[in-house]
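A.B. asks: Got a structure here, written out as structure tokens. Questions coming.
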Amino acid sequence: MSAPLYGLLLTGGRSRRMQRDKAALEYAGQTQLARAMALLEPLVARTFVSVRADQLSDPQRAGYERIADAIPDLGPIGGIHAALHAHPQAAWLVLACDLPFLDAATLQQLIAERDPRRVASAFRSSFDGKPEPLCAIYEPASLAQVDARIAAGKQCPRDFLASADAALLTLRNPRALDNINTGEEYRDAQARLGGAQQAATGGAAHSAERPAARTLQIQYFALLREQAGRNAETVSSQARDALELYRELRARHGLLLEPEQLRVAVNEDFADWSKELHDGDRVVFLPPVAGG
């Protein structure tokens with residue numbers, strides 16, 4: 001069974017070239033930190049912000065669970081190292097905080113194509129074909145290897161993935177992992193995102209916007225209960241329908257059954273997978289029952 005998947009947003013960099021905290025940069029009125037965490041939260045069991053020790057009391061980060069670097073000044077691999085040690089039973093979906101073009105579809109692709117038998121799963125760069133270490137999943141088995149590299153004075157997570165037994169995936173959206181490092185790049189990203197939003201909406205809100213998060217009561221039975229490790233849970237989700245919800249939960253808990261192998265009930269009535277969800281709904285996923 002796959003290890004549970006946690007999310008880690010790396011925000012402990014010094015942002016020297018940007019000369020301001022990248023996590024606080026705003027796009028359409030939302031900070032990069034808040035935007036990235038909103039992408040992560042529906043897809044993983046728990047989310048954390050990776051911080052330097054001196055950032056633990058930062059008001060912007062204080063609203064989230066935090067993991068402080070155990071060894072200072074290692075860069076991104078220091079945040080990955082601290083997370084692996086904090087929860088060694090978990091796999092970690094690690095994100096940089098300077099990816100303004102990242103979308104949910106890219107994260108869903110990473111999770112769907114994850115190979116838990118490997119040390120990590122990562123995309124190949126659209127520019128040079130090398131591993132993208134800051135939008136990647138690190139399995140529990142990577143802990144010992146990360147420790148060994150740090151002990152040897154090697155701090156580059158890209159080099160680690162290039163030398164490790166990592167699954168390398170083809171990125172469907174080649175611009176999703178474009179990052180920003182300077183004020184000029186930030187202004188360009190704002191313009192690109194603003195133009196894309198205006199083109200998509202025609203200057204007004206449109207029906208494709210993600211809905212507000214809803215509180216849903218979930219129940220699992222039989223094999224699903226074993227795979228999820230629980231009978232029931234309450235989740236906050238932006239899923240529009242039962243199928244989107246199951247995909248989120250499947251990624252979060254490592255559920256192995258395909259939707260076509262299940263039946264779904266919403267508020268005690270069997271429903272189609274396209275059933276629209278509302279706040280407070282009770283959703284039950286029913287696997288096939290053995291026997292006659």
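A.B. asks: Give me the distance in nm between label points sitting 7 Å out from Cα along the Cα-to-Cβ direction at Ala105 and Arg124, one decimal.
C.D. replies: 2.1 nm
A.B. asks: When averaged across all projection directions, what area in nm² does the alpha-carbon convex hull of the stretch 147-188 cover?
C.D. replies: 4.7 nm²
A.B. asks: Working out 0.36 nm times the residue gap between Asn181 and Ser236, then minus their Cα-Cα distance, what length gain in nm do you get to one decimal?
C.D. replies: Stretched out fully, the Asn181 to Ser236 stretch lengthens by 16.5 nm.
A.B. asks: With no solvent and one point on each alpha carbon, what is the Debye value of log10 I(q)/I(0) for the stretch 1-118 at q = 0.11 Å⁻¹?
C.D. replies: Each listed q maps to, in turn, -0.35.
A.B. asks: Need one number: nm distance between label points at Ala28 and Arg46, each 7 Å from Cα along Cα→Cβ, rounded to one decimal.
C.D. replies: 3.1 nm
A.B. asks: Then there's this: Among bridges DSSP assigns within the stretch 5-200, what percent are antiparallel (round to 5)?
C.D. replies: Percent antiparallel among DSSP bridges in the stretch 5-200 is about 40.
A.B. asks: Sticking with this one: Kindly express, to the nearest 10 degrees and within the range 0 to 90, the angle between helix 142-151's C-alpha long axis and the longest C-alpha principal axis of the chain.
C.D. replies: Here the helix axis deviates by roughly 10 degrees.
A.B. asks: Using all alpha carbons of the stretch 214-286, what is the percent of pairwise distances in each 10 Å bin, ordered from the shortest bin to the longest?
C.D. replies: 21, 63, 16
A.B. asks: Can you report the principal axis dimensions of the chain using only the alpha carbons, biggest first, rounded to whole angstrom?
C.D. replies: Computed over the chain, the largest-to-smallest principal extents equal 63, 50, 38 Å.
A.B. asks: Let me ask something additional. So in the stretch 214-286, what percent of DSSP beta bridges are antiparallel if you round to the nearest 5?
C.D. replies: If we restrict to bridges inside the stretch 214-286, about 80 percent are antiparallel.
A.B. asks: Now a separate question. In percent, what relative contact order does the stretch 214-286 have, based on Cα pairs under 8 Å that are 6 or more apart in sequence?
C.D. replies: Worked out over the stretch 214-286, it gives 43 percent.
A.B. asks: Shifting gears a bit: Can you tell me the relative contact order of the chain? Whole percent, Cα pairs under 8 Å, sequence separation 6 or more.
C.D. replies: 18 percent
A.B. asks: Within the stretch 81-182, list the chymotrypsin sites (Phe, Trp or Tyr not before Pro) lying in a DSSP loop whose Cβ has at most 15 other Cβ atoms in a 10 Å radius.
C.D. replies: Phe127
A.B. asks: Could I ask something else about it? Return a whole-number percent for the relative contact order of the stretch 1-153, with Cα pairs under 8 Å and 6 or more residues apart as the contact set.
C.D. replies: After rounding, I find 25 percent.
Coordinate-derived values only; no laboratory data. Please read all numbers here as calculations on a predicted model, not as lab measurements. Don't worry about glycine lacking a Cβ; one is built from the backbone with ideal geometry, like all the others, and counts go over all protein chains shown.
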